[in-house]
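Have a look at the structure below before the remarks.
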Amino acid sequence: MNILRGAGLGYKRSMAADFLRLDRQSSPIRFIEIAPENWLRMGGAARRQFDEVAERFPIACHGLSLSLGGQDPLQIDFLKQIKAFLRQYRIDFFSEHLSYCSHHGHIYDLLPLPFTWESVRHTAARIRAVQDVLEMRIAVENTSYYAHNPIAEMDEAEFLNAVVQEADCDIHLDINNIYVNAVNHGIVAPTDYINRTDLARVSYIHMAGHDEETAELLIDTHGQAVCDDVWDLFAYTCRSLPQNVPTLLERDSNLPPFAELEAEVARIAAIQQQAERAKHAAA
């Protein structure tokens with residue numbers, strides 16, 4: 001198996017040549033992430049280049065379409081395809097969104113779940129079923145949402161903790177989503193979310209940028225550089241975690257030169273290392 005460590009970068013076909021020229025010893029990029037949906041049936045030159053990159057870097061898989069909180073039946077055949085893909089590339093990490101994206105067919109968006117006990121039980125049962133098919137523990141990611149559900153029985157951090165405890169799975173923590181939700185919903189201290197999260201279950205982190213529509217409305221686009229406030233929240237998270245957690249830079253649009261992405265990954269690695277040194281000094 002390929003063990004994830006340090007800082008990574010989301011893989012795009014347009015980046016293949018950049019990844020293949022990297023010096024593994026000097027680059028801060030220690031692993032890559034892909035969405036399996038994009039590669040199960042990919043062939044040709046893009047697949048050949050990916051296979052070359054996969055020989056050089058450990059891989060994290062981050063799913064887009066399982067609709068963990070949805071009402072449509074789980075896609076068991078699709079899960080079996082993912083399982084075969086994970087085994088083919090010796091991948092031992094898989095995460096998905098704590099959301100739903102289907103209702104009698106795919107909606108092609110990640111929609112928020114109601115923060116209710118019924119939703120906790122329903123979603124956790126589906127996560128357990130996914131883990132049974134994949135024969136591995138998975139992680140679920142907190143998502144951005146833009147409106148409060150009036151039937152909520154708890155807040156987002158409580159909901160996340162309840163689902164992962166009921167499902168006995170891990171947490172994939174998205175720092176930008178925490179910040180975006182805090183700004184959009186008037187939460188004064190996004191660090192409170194970190195303080196209340198079951199950090200012992202956090203096994204993976206995402207860092208990303210967002211678009212600022214207004215001072216009170218941020219959109220999670222992964223199309224900008226990470227902002228200072230999100231960097232600060234990430235540093236706080238690293239200091240709070242009981243262990244160093246592999247962290248990936250997401251950039252899905254408005255791609256800058258590869259060197260700029262590599263510099264952001266280097267900043268992730270530097271913050272991780274600073275937090276680790278501080279923990280050792282305090283021990």
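Here are a few things to note about the model shown:
- Taking region 107-144 as the range and being part of a loop (DSSP other than H, G, I, E, B) and either open to solvent by 20 Å² or more (accessible area, probe 1.4 Å) or polar (S, T, N, Q) (or both) as the test, the residues that pass are P112, P114, F115, T116, E135, M136, R137, N142, T143, S144.
- The residue pairs whose first member lies in region 231-252 and is open to solvent by 40 Å² or more (accessible area, probe 1.4 Å), whose second member is modelled with pLDDT of 95 or more and basic (K, R), and whose beta carbons are closer than 9 Å, counting only pairs six or more residues apart or on different chains, are N244/R5; D252/K12.
- Answer from R48, R30 - the residue that is assigned to a strand (DSSP E or B), open to solvent by 20 Å² or more (accessible area, probe 1.4 Å) and at pLDDT 95 or above: R30
- Any hit, region 149-162, residues being under 20 Å from C61 (Cα atoms), in a loop (DSSP other than H, G, I, E, B) and out of contact with any Leu (no Cβ under 9 Å at 6 or more places or on another chain): no
- Screening region 195-283 for strands (runs of 3 or more DSSP E) wholly inside it with 1 or more residues that are hydroxyl-bearing (S, T, Y) returns the ranges 202-207, 211-214, 247-249.
- Residue count for region 174-229 under the criterion of being aliphatic (A, V, I, L, M), out of contact with any Pro (no Cβ under 8 Å at 6 or more places or on another chain) and within 17 Å of R251 (Cα to Cα): the result is 7.
- Taking first residues from region 254-283 that are over 21 Å from R24 (Cβ atoms) and partners that are assigned to a helix (DSSP H, G or I) and open to solvent by 60 Å² or more (accessible area, probe 1.4 Å), the Cβ contacts under 9 Å between residues at least 6 apart in sequence or on separate chains come to L255/S14; Q274/R239; A275/R239; A278/R239; K279/R239.
- Condition met for A208 (surrounded by fewer than 17 Cβ atoms within 10 Å (Cβ to Cβ) and of a type in the set (A, V, I, L, M)): no
The values are calculated or read from the model by the stated rules, or taken from the named source; none is laboratory data. Just so you know, these numbers come straight off a predicted model, no measurement behind them. Cβ: placed from backbone, ideal geometry, glycine included. Neighbour counts: every protein chain shown. Accessible surface areas use protein heavy atoms only, side chains included; no ligands, DNA or RNA. Shrake-Rupley method; radii C 1.70, N 1.55, O 1.52, S 1.80 Å.
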